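Read through the structure below, which is laid out as structure tokens, and then see the notes.
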Amino acid sequence: MTIPLLDLKQQQASLGTALKEAIERVLASTAYVNGPAVAEFEEAFAAYCGTRHAIGCANGTDALEIALVALGIGRGDRVVTVSHTFVATVEAIVNVGAEPVLVDVDPATLLMDPKALDRVLGETERVRAVIPVHLYGGMVAMDHVLGIARKRGLAVIEDSAQAHGARYQGQRAGSFGDLATFSFFPGKNLGALGDAGAIVTSDDELHRRAAAFRDHGRTEKYLHQRMGRNSRLDSLQAAVLTTKLGFLDRWNEGRRAVAERYHATLPAAVGRVAVTDGCEHVYHQYVIRHPKREALRDALKEAGVASGIHYPVPVHRQPAWRDQGLPQLSLPHTELACEEVLSLPVFPELTEAQQSHIVEALGRALA
Ligand SMILES: *Cc1c(COP(=O)(O)O)cnc(C)c1O
């Protein structure tokens, strides 16, 4: 038996001819850039997230940069986020000329610790915004983060690249912050057939600025209010995403069922990552913890099971962090997590037999 971390072949097969038909429609329209397929997706995705607007763009990293630019954040400003994330969250802050300030995670959930956030904000000047990251498909306790940010007049951008469809207190990821950003990298819960991303917001002015900036600062065909850039969403990707959006809730339900079976059957010695109270998780990753992670990983490999590590090196320990001349930090919960986390296969089509095989391999390794 060989079990991949994620099986996109099965997902594609389950879509039948729907994807091909969506692609054919764009082909026939020849409106490959800024076609009606983009507006259609933006409308559908905003409705799904529970926001007034969605703005398609080229990828999730650009979405973060565009959100920061829409808020007017740049040189001289500081933005607080976590080190336990994909590098893009921090990269976007650096790329707009602002300085990233990193806080530690809650050791149970591995998400931004609101207490650490409050402490750092009390000690740091020139902070303009906070980027909580809904890592692994779980959600940060947004009421706490919003309360802390609002008290100090800071903007909030939710990095929702791993949390399409997740809910906190009944409300979707992306609908809490001033803006939120999504990636549709193929392996995400909602994935394009290549790179793609989006920003969502319910603020009309932020929507106007972000929409213009991703299309050369354009407000009319040859009228450019500000210098922008080209980070448009392709019509082809938009059509694919609209088609797949119709399946997202079912897929997330499938991921949750897989996660529940893991919760129920994994050996007691396997460390778990807690879910934030009030969060409906969408399990972009199913992450366990163990001090002997490498031994578990080897045992899985021997059993034909792929696994992942999200992430092995925290952002503040990356050569790129030093290269920017950013300060040496000590974030103990983040550093320990990076040594212990292990991501197991999780996708809606994973069968019970495959899961038993995975759990048994872990059991043997721990015996
Ligand atoms: C995937 C991801 C991004 C970046 O998205 P791209 O589309 O790959 O640029 C940003 N933040 C997080 C947390 C991600 O997982």
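Here is how the numbers come out for the structure above:
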| item | result |
| --- | --- |
| Inter-centroid distance (Cα atoms) of the range 162-179 relative to the range 292-367, Å | 25 |
| Within the chain: Cβ-based charge dipole about Cα centre, in debye rounded to nearest 20 (Lys, Arg +1; Asp, Glu -1) | 260 |
| Nonlocal amide H pairs with MET139, under 5 Å, H built at 1.01 Å | THR276 |
| In Hz, Karplus ³J(HN,Hα) per residue of the range 40-50 (6.51, -1.76, 1.60; θ = phi - 60°; x = Gly, Pro) | 4, 5, 4, 5, 5, 6, 4, 4, 4, 6, x |
| ³J(HN,Hα), Karplus 6.51/-1.76/1.60, whole Hz, each residue of the range 31-38, x for Gly, Pro | 8, 7, 10, 6, x, x, 4, 6 |
| Summed side-chain charge close to ALA92 - residues other than ALA92 whose Cβ falls under 10 Å, Lys, Arg +1, Asp, Glu -1 | -4 |
| Within a Gaussian network of the chain (alpha carbon springs, distance under 10 Å), most fluctuating of LEU190, LEU179, LEU154 | LEU154 |
| Surface per residue (accessible, 1.4 Å probe) for the range 289-367, Å² | 50 |
| Set of lysines with alpha-carbon distance to LYS9 below 24 Å, sequence-local pairs under 8 removed | LYS20, LYS188, LYS244, LYS301 |
| Residue with peak Gaussian network fluctuation, the chain [Cα springs, cutoff 10 Å], from MET112, MET142, MET227 | MET227 |
| The range 60-99 shape via C-alpha gyration tensor axes, a/c threshold 1.5 | oblate |
| Positive-pole candidate from ALA274, LEU241, ALA264, dipole of the range 233-284, charges at beta carbon | ALA264 |
| Estimated vicinal HN-Hα couplings, Hz - the range 245-256 in sequence order (Karplus 6.51, -1.76, 1.60; Gly, Pro = x) | 4, x, 9, 4, 4, 5, 5, 5, 4, x, 5, 5 |
| Descending principal axes extents, the chain, alpha-carbon based, whole Å | 68, 56, 38 |
| Counting DSSP beta bridges with both ends in the range 135-233, the antiparallel % (nearest 5) | 75 |
| Cα→Cβ-extended label distance, 7 Å offset, between GLU40 and LYS221, nm | 2.4 |
| Length gained when the stretch ASP204-ARG150 is fully extended (0.36 nm per residue, less Cα-Cα span) | 17.5 nm |
| C-alpha center-to-center spacing [the range 241-276, the range 48-126] in angstrom | 26 |
| Of ALA211, ALA264, ALA306, the one that fluctuates the most in a GNM where the chain has Cα springs shorter than 10 Å | ALA264 |
| Over the range 71-197, equivalent-ellipsoid semi-axes from the Cα gyration tensor in Å | 22, 17, 13 |
| Computed Kirkwood radius, in angstrom, where 1/r is averaged over Cα pairs of the range 1-107 | 17.4 |
| Helical contribution to [θ] at 222 nm, DSSP H n ≥ 4, -39,500 (n - 2.57), averaged over the chain, rounded to 500 | -12500 deg cm²/dmol |
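The values are calculated or read from the model by the stated rules, or taken from the named source; none is laboratory data. Model, not experiment: these values are computed from the prediction. When we count neighbours, we look across all protein chains shown, and the Cβ atoms used for this are built from the backbone with ideal geometry, even at glycine. The accessibility values were calculated without ligands, DNA or RNA, using every heavy atom of the protein model including side chains. Shrake-Rupley method; radii C 1.70, N 1.55, O 1.52, S 1.80 Å.
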